[in-house]
Amino acid sequence: MVTFPHAARRHALAWAWLIAAGCTTVRLVSDYDETTDRDVSALQKLVDDSLTALARQSAPACLFAAHRQFYTAVHSALNALAMRNRARGAGNAATTDQIAVLDTVEFAALEHLHRLAGARTPAVCMDSVGLALDRQAIDQSFEAILRLELAKKRGG
Amino acid sequence: MLSAALAVLEKKTPVIRAYAEGEFKKIAQAIVTIEALAAAGRITPEEAALHMQIQRGASRTVLMTAKGLGVLDAEAAINAALDAVRTAVNAALPFKLV
């Protein structure tokens, strides 16, 4: 049986590691997804248009009952985005979590606020300043999601 | 190898910091306004808590993006270091191996 001297074996292992390291490209985050980019942008526009209209309305047009469909549509769209990004694997965990926050934290709170305003006696529209702050925060979340998605292009 | 990685990180970290700082400044101002609305009686304590929940949500998504950008930068730094190894391996040999 042929054996190699200890020093020669160490050199061979070092070269093998260097060669292996030189051949691989590390991927810690998933690739850019055009569908996510497009769908998040479209949803942000829908939300922006709807909340702009809401801010201009007076009772009873501004009350929750007249906007129930909006919340259903938003939840449905975010659900679809979440499912797509979960299916894209662990490298996409940040985007999946962001979508979940937007859905179950931010829009859930906005819907609750809308219901509360309508439940007052007499029913009132949501506070205009409060709604403006909510819109700003929701826009920040949309931008955060898009910023990360675009960064996944990696300069490409 | 190390200098290739550090060059990437030094270039990109200030961008992430500037983004996060700008976003958190807006959120901090929003929180002050919510407190003022509650103090003025324009919104109830329950409503104030819900507005705060939305601001906290935005904080979380911004932080997740900052973290994600950091991971992408770490990835770029690692790959820059691996590229340097590839160059060194090919330079050390009389033929192009990788």
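What follows is calculated from the coordinates using simple rules that are stated; it is not laboratory data. Keep in mind the model is a prediction, meaning the values are calculated, not measured. Counting neighbours? That spans all protein chains shown, and the Cβs are built from the backbone with ideal geometry, glycine included.
Couple of notes before you dig in:
- Complete set of residues in region B:44-56 that are closer than 30 Å to A:Thr95 by Cα and either at the interface with chain A (Cβ under 7 Å from one of its Cβ atoms) or without any contact (Cβ under 8 Å) to a residue 12 or more places away in the chain (or both): B:Glu46, B:Glu47, B:Ala49, B:Leu50, B:His51, B:Gln53, B:Ile54, B:Gln55, B:Arg56
- For region A:30-58, filtered to residues that are of a type outside the set (D, E, K, R) and farther than 25 Å from A:Gly130 by Cβ, the residue that is surrounded by the most Cβ atoms within 10 Å (Cβ to Cβ) is A:Thr36.
- Of the helices (runs of 4 or more DSSP H) contained entirely in region A:91-153, those carrying at least 1 residues that are in contact (Cβ under 8 Å) with a residue 12 or more places away in the chain, under 15 Å from the mean Cα position of the chain (by Cα) and under 25 Å from B:Pro45 (Cβ atoms) fall at A:93-101, A:128-151.
- Of the set (1) in a helix (DSSP H, G or I); (2) more than 9 Å from every other protein chain (Cβ to nearest Cβ), all apply to B:Gly41 but (1).
Yes/no matrix, rows are residues, columns are (1) more than 7 Å from every other protein chain (Cβ to nearest Cβ); (2) surrounded by fewer than 18 Cβ atoms within 10 Å (Cβ to Cβ); (3) under 10 Å from the mean Cα position of the chain (by Cα):
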| site | (1), (2), (3) |
| --- | --- |
| B:Ala58 | no, no, no |
| B:Val62 | no, no, yes |
| B:Thr65 | no, no, yes |
| B:Gly68 | no, no, yes |
| B:Ala76 | yes, no, no |
| B:Asn79 | no, no, no |
| B:Asp83 | yes, yes, no |
| B:Val89 | no, no, no |
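- Identity of the residue in region B:68-81, in contact (Cβ under 8 Å) with a residue 60 or more places away in the chain and among the aliphatic types (A, V, I, L, M), that ends up nearest to A:Ala90 (Cα to Cα): B:Ala74
- Looking across region A:45-74, the residues that are under 19 Å from A:Ala137 (Cα atoms) and either touching a helix residue (DSSP H, G or I) at 6+ places or on another chain (Cβ under 8 Å) or of a type in the set (Asp, Glu) (or both) come down to A:Leu46, A:Val47, A:Asp48, A:Asp49, A:Ser50, A:Leu51, A:Leu54, A:Ala55, A:Phe70, A:Tyr71, A:Val74.
- Checked against (1) within 10 Å of chain B (Cβ to nearest Cβ); (2) surrounded by 18 or more Cβ atoms within 10 Å (Cβ to Cβ), A:Leu78 passes all but condition (1).
- The number of residues in region B:8-32 that are more than 18 Å from A:Ser141 (Cβ to Cβ) and facing another protein chain (nearest Cβ under 7 Å) comes to 0.
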